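Novice: Can you read through this structure? Questions will come right after.
The values are calculated or read from the model by the stated rules, or taken from the named source; none is laboratory data. From a predicted model like this one, the values you see are computed outputs, not experimental measurements. So basically every Cβ, Gly included, is an ideal-geometry build from the backbone, and we count neighbours across all protein chains shown. Areas reflect the complete protein model, heavy atoms only, side chains present, ligands, DNA and RNA absent. Shrake-Rupley method; radii C 1.70, N 1.55, O 1.52, S 1.80 Å.
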Amino acid sequence: MLIVEDKKQVARMLKKTLEEKGHSAVICFDGPSGLAHAGSGYFDVVVLDMMLPHMDGSEVVRRLRASNNRIPVLVLTARDTISDMVSTLDLGVDDYLTKPFAVAEFMARLRAVARRGPAILGVRLEVADLVLDPTAGDVTRGGRLVALTRKEYLLLEFLMRRPNQVLSRASIIERVWGLADDTAENTLEVFIRNLRGKIDINRESKLIQTVRGVGYRLMSGAPD
């Protein structure tokens, strides 16, 4: 998650909240750095304050959408009139939350925004000899086409956007399934096993790694 908020106390509170829920979060304190980070391809969602130094939130969104970057954006704003809400949505944001807000509502809106799809649709992902093409919807390893179900595809895409990063089970479940309970965790283990059977079977280089007690990571060709 990317937090673009110039009020440091608020930004750090949001970061702490997200990390307690199993997410990774990065903070930017001004518009230009927020725009640069949002365009990097490393984030799932931008939490964006509208009143920012050097470049306001409206301009950040305009530039993102003008570059065809469809990363989901949740706006935080103190403006709560109907005209303000309409103009904010018309920028191309996915949702907005007026200040002050409850943490529970923030997390609920963030989950809804995060489930709307991949952050940057046209970017070809490559890890070792594994390739995922979001435009075509194809996955290959070593040039061989790999047939995946929709959920397997979403799970693999989530891992491939964060190569070599340890991802908690909770963050994977929330991003791919949008819920977190014992059944979903068992389901995750099944899907990981199925992915390994399609991606790593008969391969010397095992890409999908288990990190005991934490979750999983996709390694850049490291041995199992």
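Novice: Tally up the residues in segment 45-68 that are out of contact with any Gly (no Cβ under 6 Å at 6 or more places or on another chain), open to solvent by less than 20 Å² (accessible area, probe 1.4 Å) and part of a loop (DSSP other than H, G, I, E, B), please.
Specialist: Of the residues in segment 45-68, 1 are out of contact with any Gly (no Cβ under 6 Å at 6 or more places or on another chain), open to solvent by less than 20 Å² (accessible area, probe 1.4 Å) and part of a loop (DSSP other than H, G, I, E, B).
Novice: Between a residue in segment 18-42 that is more than 23 Å from residue 157 (Cα to Cα) and assigned to a loop (DSSP other than H, G, I, E, B) and any residue that is open to solvent by 40 Å² or more (accessible area, probe 1.4 Å) and among the charged types (D, E, K, R), which pairs come within a Cβ distance under 6 Å, given they are 6 or more apart or on different chains?
Specialist: Note: pairs meeting the criteria are 29/6.
Novice: Across segment 1-21, what is the total count of residues that are in contact with a helix residue (DSSP H, G or I) (Cβ under 9 Å, 6 or more places away or on another chain) and open to solvent by 60 Å² or more (accessible area, probe 1.4 Å)?
Specialist: Residues flagged as in contact with a helix residue (DSSP H, G or I) (Cβ under 9 Å, 6 or more places away or on another chain) and open to solvent by 60 Å² or more (accessible area, probe 1.4 Å) within segment 1-21 amount to 2.
Novice: Next question. Scan segment 135-157 for residues that are in a loop (DSSP other than H, G, I, E, B), out of contact with any helix residue (DSSP H, G or I) (no Cβ under 7 Å at 6 or more places or on another chain) and of a type in the set (Val, Ile, Thr) and jot them down.
Specialist: Of everything in segment 135-157, those that are in a loop (DSSP other than H, G, I, E, B), out of contact with any helix residue (DSSP H, G or I) (no Cβ under 7 Å at 6 or more places or on another chain) and of a type in the set (Val, Ile, Thr) turn out to be 135, 149.
Novice: Another question, if that's okay. Within segment 158-170, can one find any residue that is under 17 Å from residue 189 (Cα atoms), among the β-branched types (Val, Ile, Thr), touching a strand residue (DSSP E or B) at 6+ places or on another chain (Cβ under 9 Å) and outside any strand (DSSP E or B)?
Specialist: Taking segment 158-170 and keeping what is under 17 Å from residue 189 (Cα atoms), we get 158-159, 166-170.
From what's left, among the β-branched types (Val, Ile, Thr): 166.
From the residues that got through so far, the ones that are touching a strand residue (DSSP E or B) at 6+ places or on another chain (Cβ under 9 Å) too are 166.
Filter once more, so that each one left must be outside any strand (DSSP E or B): 166.
Within segment 158-170, one or more residues are under 17 Å from residue 189 (Cα atoms), among the β-branched types (Val, Ile, Thr), touching a strand residue (DSSP E or B) at 6+ places or on another chain (Cβ under 9 Å) and outside any strand (DSSP E or B).
Novice: Oh, and also: Residues to consider are 40, 24, 33, 83; find the one that is open to solvent by 60 Å² or more (accessible area, probe 1.4 Å) and farther than 18 Å from residue 111 by Cα.
Specialist: Testing whether each residue is open to solvent by 60 Å² or more (accessible area, probe 1.4 Å) and farther than 18 Å from residue 111 by Cα leaves just 83.
Novice: Collect the residues in segment 182-219 that are open to solvent by 70 Å² or more (accessible area, probe 1.4 Å) and among the small types (Gly, Ala, Ser), keeping them in residue-number order.
Specialist: Answer for segment 182-219, where residues must be open to solvent by 70 Å² or more (accessible area, probe 1.4 Å) and among the small types (Gly, Ala, Ser): just 213.
Quick grid of which residues meet (1) loosely packed, with under 15 Cβ neighbours inside 10 Å; (2) modelled with pLDDT of 90 or more:
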residue	(1), (2)
114	no, no
119	no, no
124	yes, no
129	yes, yes
133	yes, no
136	yes, no
144	yes, yes
150	yes, no
